[in-house]
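Read through the structure below, which is laid out as structure tokens, and then see the notes.
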Amino acid sequence: MKSLRIAAVTALALAPAALVAGPAHAADATVSILHAVPGATVDVYANGKALLTNFKPGTLTDPLMLPEGTYDLKVTAAGAGAGGAAVIEAKGVKVPGGANVTVVAHLSEAGKPELTPFVNDTSKVPAGKARLTVRHTAAAPAVDVRANGTVALKGLTNPNEAKAVVDAGTIKADVVLAGTSTVVIGPADLTLKEGTNTIVYAWGSAADKNLELAVQTISGMHSAPGGVPAGAGGQVAEAQQGAEAARYAAIAGAGALAGGLVLVRRRRAAAVR
Amino acid sequence: MPYEDDERAGRHRPARPSRPFRGVAAALAAALLAGGATAWATRSSDAAPTVGTSRSLDPSTSPARSTSPVGASPAASASESGRVTAEPPAARPATQAPASAAAAPDRLTIRRLGVDMRIVPVGVARDGEMALPGSPATLGWYRYGPRPGEPAGATVLAAHLDMPGYGIGPIAVVEELRKGDVITVSSGDTVRRYTVTSVRSVLKTSLDLSGLFARDGPPVLHVVTCGGDFDREKRRYDKNVVVTAEPTG
């Protein structure tokens, strides 16, 4: 494996003492790590302590709660040890409390391994919709992302992302060189589950012909529909009003009848006397 | 002497009402009595536990829901219980999980009330409300929520109470449901039974929609239609009738 230069990552870092941390705080961040460097099984260290071992390409960790702060990250070949040669290194990466983050080990557009932290959008999505996020983490030029043959997100470059709120459902997704119809990845079925942020990563190397898609799904951002409009005829209400009217008529009629009978009887009785 | 006392008492008695007045009073008393008896005899029977306006749909059977919305349950349990652990989080292939194997619901029956209705999956209408099948004969199942048999949340089924041209739909009888009544829902070959725990009529403006469409908490069935007063101009009812039922196997 080539030895590679340190890639400085300034946006985010993982906090120092987190690996043997105590109870959760509201200021913890939710952190997932994606291994998107082809061909290298690696170990990941945070502040000198092993965080992951035998981490395979194309795999994504379960979310990890880490206190906010700054971290030094190092990726080595599997089994190389904490002092082993760095495949990727990033010092002083800041992790903001409460954020949901995916740290991605990937190739730059030029093919150099680096680490990029992405903040995941966990804001609520309207009923019936999903958020689609696409991240360009491949050694490839600018691309467009298509859904069912139509460009959905265009001109995406490494290491950037684009996102949109779309109808939930399953689409046929593919990736083309920007402005062209030259397909470089896919097509593949992609399920955009309602209420989720479905995050798609383009990764690998165009030169090595191993470009592919990785998917991460974050759920829980659904919204309820605005109501249940279950009746537009009004016939039940009419029937109820009719029944009420009939009832009042019956009450009034019974009253009138009884009152009338009493009067008649009294007059007859009076007449007899 | 009694008679002397009475005579003396009679002279001081207040004047009795005149005869015509007494006649009217007697007639009135009879009228009120007869009217009251009729009113009582024609009162609607209060079969359902509480059919009246509630302030909100009260998910009283559900425990407090977790408010943390995001992601799979976290690994590295420092967050869960304060336990110290250095266990590395699991890593899995970054691909999509296959879709749920459970079948969608397709039929609802309420034997005691003679209800037997088809169910179709529905989503969200353009205005953001739940979409419903056009005909009151068919129930819509909110497809983005849990299906019968799933371990958490509310399976929501709804049908129109009535429709121009169609008349009153079969769902209208749910107001007669009682606590303990059985509803069965079929999903393909699997039939599941639910026991009614409440029937409520709630003003739409007070309805807790996130509770009605909850995706967490214990599994429950919500059968929904409309009720209350009808606005002829807007063609809308002002209430929802919500039947809550729990799975019983």
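The values are calculated or read from the model by the stated rules, or taken from the named source; none is laboratory data. Worth saying up front: this structure is predicted, and the values here are computed from it rather than measured. As a convention, Cβ positions derive from the backbone with ideal geometry for all residues, glycine included, and neighbour counts pool all protein chains shown.
Could you tell me which numbered condition B:Ala214 fails, if it satisfies all but one of (1) assigned to a loop (DSSP other than H, G, I, E, B); (2) under 18 Å from the mean Cα position of the chain (by Cα); (3) free of Cβ contacts under 8 Å to residues at least 60 places away in the same chain?
Here B:Ala214 clears every test but (3).
Before we move on, is A:Val264 more than 7 Å from every other protein chain (Cβ to nearest Cβ) and surrounded by fewer than 19 Cβ atoms within 10 Å (Cβ to Cβ)?
In short, yes.
Give just the number: which of (1) part of a strand (DSSP E or B); (2) within 21 Å of B:Gly140 (Cβ to Cβ) does B:Thr195 not satisfy?
(2)
Restricting to segment A:132-143, name every residue that is part of a strand (DSSP E or B) and crowded, with 23+ Cβ neighbours inside 10 Å.
A:Leu132, A:Val134, A:Arg135, A:His136, A:Thr137, A:Ala138, A:Ala139, A:Val143 - these are the residues of segment A:132-143 that are part of a strand (DSSP E or B) and crowded, with 23+ Cβ neighbours inside 10 Å.
Return yes when A:Gly204 is modelled with pLDDT under 95, in contact with an Asp or Glu (Cβ under 9 Å, 6 or more places away or on another chain), more than 9 Å from chain B (Cβ to nearest Cβ) and not in a loop (DSSP other than H, G, I, E, B) and no when it is not.
No, not satisfied.
Run B:Ile110 past the list (1) away from chain A (no Cβ under 13 Å); (2) within 20 Å of A:Ser219 (Cβ to Cβ) and report the number of the one that doesn't hold.
B:Ile110 satisfies every listed condition except (2).
Does segment A:182-189 contain any residue that is assigned by TED's automatic domain parsing to the domain that holds A:Leu153, closer than 30 Å to B:Gly134 by Cβ and at pLDDT 90 or above?
No; the residues of segment A:182-189 include none that is assigned by TED's automatic domain parsing to the domain that holds A:Leu153, closer than 30 Å to B:Gly134 by Cβ and at pLDDT 90 or above.
How about segment A:73-88: which of its residues are buried (at least 23 other Cβ atoms within 10 Å of the Cβ), within 13 Å of A:Thr53 (Cα to Cα) and among the hydrophobic types (A, V, I, L, M, F, W, C)?
Passing the criteria: only A:Val75.
Among the residues of segment A:45-73, how many are at pLDDT below 95, closer than 15 Å to A:Pro117 by Cβ and part of a strand (DSSP E or B)?
Qualifying residue count for the region: 9.
With a cut-off of at least 3 residues that are surrounded by 21 or more Cβ atoms within 10 Å (Cβ to Cβ) and not aliphatic (A, V, I, L, M), name the strands (runs of 3 or more DSSP E) lying wholly within segment B:91-182.
Hits in segment B:91-182: B:138-142.
Which is in contact with a Pro (Cβ under 8 Å, 6 or more places away or on another chain) and farther than 30 Å from B:Glu175 by Cα, of A:Gly220, A:Gly259?
Exactly one of A:Gly220, A:Gly259 is in contact with a Pro (Cβ under 8 Å, 6 or more places away or on another chain) and farther than 30 Å from B:Glu175 by Cα, namely A:Gly220.
Can you pull out the residues in segment B:190-228 that are of a type outside the set (Gly, Ala, Ser), at the interface with chain A (Cβ under 8 Å from one of its Cβ atoms) and touching a Phe, Trp or Tyr at 6+ places or on another chain (Cβ under 7 Å)?
Answer for segment B:190-228, where residues must be of a type outside the set (Gly, Ala, Ser), at the interface with chain A (Cβ under 8 Å from one of its Cβ atoms) and touching a Phe, Trp or Tyr at 6+ places or on another chain (Cβ under 7 Å): B:Phe213, B:Cys226.
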